[in-house]
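Enquirer: First the structure, which I've put down as structure tokens, then a few questions once you've had a look.
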Amino acid sequence: MSKPSFTPEELALFEADQAEAEHGYTAEYIRSCRDLGRPLTIGQETAQVMPFRLDPPRARRLAAASTRTGINRSQIIRDGLDRQLDILERQAV
């Protein structure tokens, strides 16, 4: 693998972030950052994490589809699950 190259401006930002992190953060600052990271909700409801396993061929197809479409992997999985559940619900009627 080749080593990534960064501009002097990017390196300065990294160094500033590193210095800030090494100095530490106050509890007040951390509480103010609660909106960072993954969202806890999807739509109006709290999301439930559902871990599951994918075999390597499916994982590769999912990653390729995400890269190709710009849709994140979780959304692709949710969309596919919705379609399959619709089919199963129609069959049950």
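Enquirer: Taking Cα atoms of the chain, Rg/Rh with Kirkwood Rh, to two decimals? Walk me through the intermediate numbers first.
Expert: Values: Rg = 20.4 Å, Rh = 18.1 Å.
Expressed as Rg/Rh, it is 1.13.
Enquirer: Then there's this: List, in order, the whole-Hz ³J(HN,Hα) value for each residue of the range 83-93 obtained from phi through the Karplus relation with A = 6.51, B = -1.76, C = 1.60 and θ = phi - 60°; use x for Gly and Pro.
Expert: Here the 3J(HN,Hα) series is 4, 5, 5, 4, 4, 5, 5, 5, 5, 6, 7 Hz.
Enquirer: Through the Karplus equation 6.51 cos²θ - 1.76 cosθ + 1.60, θ set to phi - 60°, convert the phi angles of the range 5-12 into ³J(HN,Hα) values in whole Hz; use x for Gly and Pro.
Expert: Result, ordered by residue: 10, 10, 6, x, 5, 5, 4, 5 Hz.
Enquirer: Near the amide H of Ala47, under 5 Å away, which other amide H atoms are found, from residues 5 or more places off or on another chain, if H is placed in the peptide plane?
Expert: So Ala47 has HN proximity to Thr41, Ile42.
Enquirer: Through the Karplus equation 6.51 cos²θ - 1.76 cosθ + 1.60, θ set to phi - 60°, convert the phi angles of the range 68-79 into ³J(HN,Hα) values in whole Hz; use x for Gly and Pro.
Expert: 5, 9, x, 9, 5, 4, 4, 5, 4, 5, 4, 4
Every number here is computed from the coordinates shown, using simple stated rules; none is lab data. This structure is a prediction, so every number in the text was calculated from the model and none was measured.
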